[in-house]
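Contents: one structure, followed by commentary.
The values are calculated or read from the model by the stated rules, or taken from the named source; none is laboratory data. Nothing here was measured: the structure is a model prediction, and the numbers come from that model. Positions of Cβ are generated from backbone atoms using ideal geometry, with glycine treated the same way; all protein chains shown enter the neighbour counts. Ligands, DNA and RNA are stripped out before the accessible areas are found, and what is left, the full protein with its side chains, is counted by its heavy atoms. Shrake-Rupley method; radii C 1.70, N 1.55, O 1.52, S 1.80 Å.
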Amino acid sequence: MHGQSLASELLANDDFTNSYSNYKFWKGQIPRTQMLNLFSWQHLNHALATFRITNDRLRLSVKDGYEQPNNQAFRTVRDAFGRPTDALSINELHRLMAQGVTGVLEAVNELFPDIAAFTQVLGARYYARSTANAYFSFGSTSGFGAHNDRRLPIFSSNRL
């Protein structure tokens, strides 16, 4: 599986493991072809067309906020049991993307086995929960800005 081999390759990279150990943002790069094998526009389009994506998994953002684009891209519907939920309008998403909205599809490791394998290998190495989010934009700016999610402390097993 490509995800397992890519994770193993990262873990063999001293710069990557040192960055993690020192709580520093890793500034290295994964070759484009390897990343496209793991996740590409085709993967994103497949997820949007195949899975029921709701606004708790797909967040849209512009520099000034997220509520307006999310309200535009999702419409309120009822599920098969009559419960209120939301549904993504692909046409509206495309319109918003053309206007510069940035999207993040959270927990893509739950949707794609190769990404699940990638996050499992990293999580097992560091005894941590590992997930993968896909950020995407047509523009040259990001609605989310560069960031590094806060790591939770790891507790020793003898204290549990």
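Only one of the values (i) 1.01; (ii) 0.94; (iii) 1.06 was calculated from this structure for Rg/Rh (Cα atoms, Kirkwood Rh); name its label.
Label (i) holds the value from this structure.
Which residues does the label zone of Glu110 cover in the range 16-46, counting backbone N under 20 Å from a point 7 Å along Cα→Cβ?
39-40, 43-46
Whenever you get a sec, line up Tyr135, Tyr20, Tyr127, Tyr66 from highest to lowest accessible area (probe 1.4 Å, protein heavy atoms). Intermediate results must be reported in sequence, preceding the final value.
Working: Tyr135 100, Tyr20 55, Tyr127 185, Tyr66 130 Å².
Descending order: Tyr127, Tyr66, Tyr135, Tyr20.
If I stretch the segment between Ala87 and Asn71 completely, what's the gain in nm (0.36 nm per residue apart, minus their alpha carbon distance), one decimal? Spell out each step's value before the answer.
On the way: separation 16, 0.36 × 16 = 5.76 nm, distance 1.07 nm.
That pair, Ala87 and Asn71, stretches by 4.7 nm at full extension.
Suppose every K and R has +1 on its Cβ and every D and E has -1 on its Cβ; what is the size of the dipole of the chain about the Cα centre, in Debye to the nearest 20?
On the way: 16 positive and 13 negative charges, 50 e Å.
Roughly 240 debye, rounded to the nearest 20.
Report the extension gain between Ile30 and Phe16 in nm, rounded to one decimal, defined as 0.36 nm multiplied by the number of residues separating them, less their alpha carbon distance.
Values: separation 14, 0.36 × 14 = 5.04 nm, distance 1.09 nm.
That works out to 3.9 nm of additional length.
Determine the calculated [θ] at 222 nm for the chain from helices alone, applying -39500 (n - 2.57) to every DSSP H run no shorter than 4 residues and normalising by the residue count; nearest 500 deg cm²/dmol.
On the way: 7 runs with 65 residues, N = 160.
Helix contribution divided over all residues of the chain: -11500 deg cm²/dmol.
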